[in-house]
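First the structure, then my questions, so here it is.
The values are calculated or read from the model by the stated rules, or taken from the named source; none is laboratory data. Keep in mind that what you see is a predicted model, and the values were worked out from it rather than measured. Using ideal geometry, Cβ is built from the backbone for each residue, glycine included, and neighbour counts are taken over all protein chains shown. Surface accessibility is based on the protein's heavy atoms, side chains included, excluding ligands, DNA and RNA. Shrake-Rupley method; radii C 1.70, N 1.55, O 1.52, S 1.80 Å.
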Amino acid sequence: MKYVKSLCTKVSEELQISTQSEDPLFTDTVIIGNGPSGIALSFLLAGNWPFYNGDDHPDQLLNARLKTCSKHIPLLLQDLEFLSQSMEGRCKNQISNLMDALTHPNAELEINRPSLVEYQYLPDKFVDHVVIGKGPPGGLWQNIDKDIRTLSFSNWMSLPGLPFEVWENKAEVNIRRVEAGLLAQYYQD
């Protein structure tokens, strides 16, 4: 136990973790990395689960498959293999492409359509966890030249549960490439 406590202290010092207590932190789940993926995973583990809202999708094949979904069952408990059949997108993982298509319908055509995913807080799905990363939340975005603009449009950079435009207090969505410094602040907040 002494070794574990000294190892935790060393990790805390190296990663600049501040704690309120001298007592060691115990949890079964640790997320390594506090970039956008780590933040999104933490949001999910905190009990915020995605649901399909029942609206139509512009892709007719995907829309037909979505008609088999219940709006009352979380997407994670639906038949994701069936729903993601023949999905193409920015990566090889069809389920990731499915989530992109649901979250940002027709975004690759620079058309801003509302998300078909809504998050609901399910307290019984909460998983105790900790996120560990170097520096403030946002990961690599904290180290990029603040004036460089993103390659992806702002709506693709949004975290679940808090669209970038909402964080910016914008009344309407303005799809654009944003400065890395602004994005770093969004992820940190």
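Every residue in the range 42-84 that is in a helix (DSSP H, G or I), without any contact (Cβ under 8 Å) to a residue 24 or more places away in the chain and among the hydrophobic types (A, V, I, L, M, F, W, C), please. Step through it out loud before you land on a result.
Within the range 42-84, the first condition is being in a helix (DSSP H, G or I), and the residues that meet it are 42-45, 60-66, 75-77, 80-83.
Those left that are additionally without any contact (Cβ under 8 Å) to a residue 24 or more places away in the chain: 60, 63-65, 77, 80-83.
Hits for the range 42-84 are A64, L77, L80, F82, L83.
Can I ask one more? Go through the range 91-112 and report how many residues are surrounded by 15 or more Cβ atoms within 10 Å (Cβ to Cβ) and of a type outside the set (A, V, I, L, M, F, W, C).
7
Only one residue in V131, V166 is of a type in the set (A, V, I, L, M, F, W, C), modelled with pLDDT under 90, closer than 21 Å to G38 by Cα and open to solvent by 50 Å² or more (accessible area, probe 1.4 Å). Which one?
Working: V131 fails: modelled with pLDDT under 90.
Just a single option satisfies the conditions, and that option is V166.
Where residues in the range 134-151 are surrounded by 17 or more Cβ atoms within 10 Å (Cβ to Cβ) and not in a loop (DSSP other than H, G, I, E, B), which of them is nearest to the chain's Cα centre (by Cα)? Spell out the reasoning first.
Here is the first cut: in the range 134-151, the residues surrounded by 17 or more Cβ atoms within 10 Å (Cβ to Cβ) are 137-139, 141-142, 150.
Now drop any that are not not in a loop (DSSP other than H, G, I, E, B), which leaves 139, 141-142.
Values: G139: 13, W141: 15, Q142: 17 Å.
Applying the filter and picking the extreme gives G139.
Select from the range 75-90 the residues that are loosely packed, with under 11 Cβ neighbours inside 10 Å and either more than 22 Å from E118 (Cβ to Cβ) or not hydrophobic (A, V, I, L, M, F, W, C) (or both) and list them in ascending order.
Within the range 75-90, E81, S86, E88 qualify.
OK, next. Are any residues in the range 30-71 open to solvent by 40 Å² or more (accessible area, probe 1.4 Å), of a type in the set (S, T, N, Q) and more than 26 Å from Q185 (Cβ to Cβ), and if so, which ones?
Within the range 30-71, Q60, T68 qualify.
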